[in-house]
Amino acid sequence: MNRKEAMKTIKQRLQEGKSKKEIFDELSSKVKFKSDLRQYIAMVPSHEDRLKYNKINLILFSLLVFVSVVKFITAFILLSRISIYLLPIALIVPFFSIYFAFMVWNYWGNMYRILGMLGIVSILNEISNFESFSSYSSTELLLEISLFYLPAFLIVFLAYYIGIKVFPYYSFWGLLKEEKLNL
């Protein structure tokens, strides 16, 4: 059984109300490595958690789409000023945001911690350019805060919040804590 089939089966069994232990016992003979099966089970949220946190997950997804659009528009404007031949590169710029939006839409458990860490890194990177803030006008500063900092802080907060509540089997750094799975 490959990864895609295993994930689909796990999701179906959780919707049927089976426990993760029962699913592990059922699929352990069908998946080649038990460590992979543990990872798959930890990545799929329970049906109740999926329903309970669906609105918050949708907000996170919307923020990621918003960030992707802002990055695309910014890259398009900047690259069009340089050369028209650079415009296809504008499609590459928002790729990671779109990738994470897709993963959030599908509730991939191990991606929430990674998304939170990358958000923290991008915020710290922007703060490290603190000297350039003195050259901003008040309008530019307001745009920077509303288009970058506010969405970034919300993405980090929501990513870790959903990650902790829905996927408690992962550490802060995104590593699987197998003892919490109780398999």
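Read-outs: derived from the displayed coordinates by stated rules, not from any lab. Bear in mind that the values here come from a model prediction, so they are computed numbers and not experimental data. Quick reminder, even Gly has a Cβ in these numbers, built from the backbone with ideal geometry, and neighbours come from all protein chains shown.
Between Leu147 and Ser29, the contour length at 0.36 nm per residue exceeds the Cα-Cα span by 37.5 nm. At what distance in angstrom do the alpha carbon centres of segment 19-38 and segment 68-124 lie from each other? What the calculation gives is 35 Å, centre to centre.
Remark: for residue pairs Lys32/Lys52; Lys8/Lys71; Lys71/Lys177; Lys34/Lys55; Lys21/Lys52, the C-alpha separation exceeds 28 Å in Lys32/Lys52; Lys8/Lys71; Lys71/Lys177; Lys34/Lys55. Explain nothing, just the number: relative contact order of the chain, from Cα pairs under 8 Å at least 6 residues apart, as a whole percent. Result for the chain is 27 percent. Computing FRET efficiency as 1/(1 + (r/R0)^6) for Ser132 and Asn106, where r is the C-beta to C-beta distance and R0 is 45 Å, gives about 0.75. Among the trypsin sites (Lys or Arg not before Pro) in segment 1-89, those placed in a DSSP loop whose Cβ has at most 13 other Cβ atoms within 10 Å are Lys30, Lys32. Within segment 2-152, the percentage of alpha carbon pairs spaced more than 20 angstrom apart rounds to 62%. Scattering from segment 1-89 was approximated by placing one identical point on each alpha carbon and applying the Debye formula without solvent; log10 I(q)/I(0) at 0.10, 0.19, 0.22 1/Å stands at -0.48, -0.83, -0.98. Exposure proxy ranking for Ile10, Ile56, based on other Cβ atoms within 10 angstrom of each Cβ and starting from the fewest, stands as Ile56, Ile10. Summarising the label geometry, the points placed 7 Å from Cα in the beta-carbon direction at Ile84 and Asn2 lie 4.2 nm from one another. Relative to the longest principal axis of the Cα atoms of the chain, helix 54-82 runs at roughly 40 degrees.
Once each of the chymotrypsin sites (Phe, Trp or Tyr not before Pro) sitting in a DSSP loop with at most 10 other beta-carbon atoms within 10 Å is removed, the chain keeps 34-172 as its longest stretch. Among Thr9, Thr139, the order by Cβ neighbours within 10 angstrom, fewest to most, reads Thr139, Thr9.
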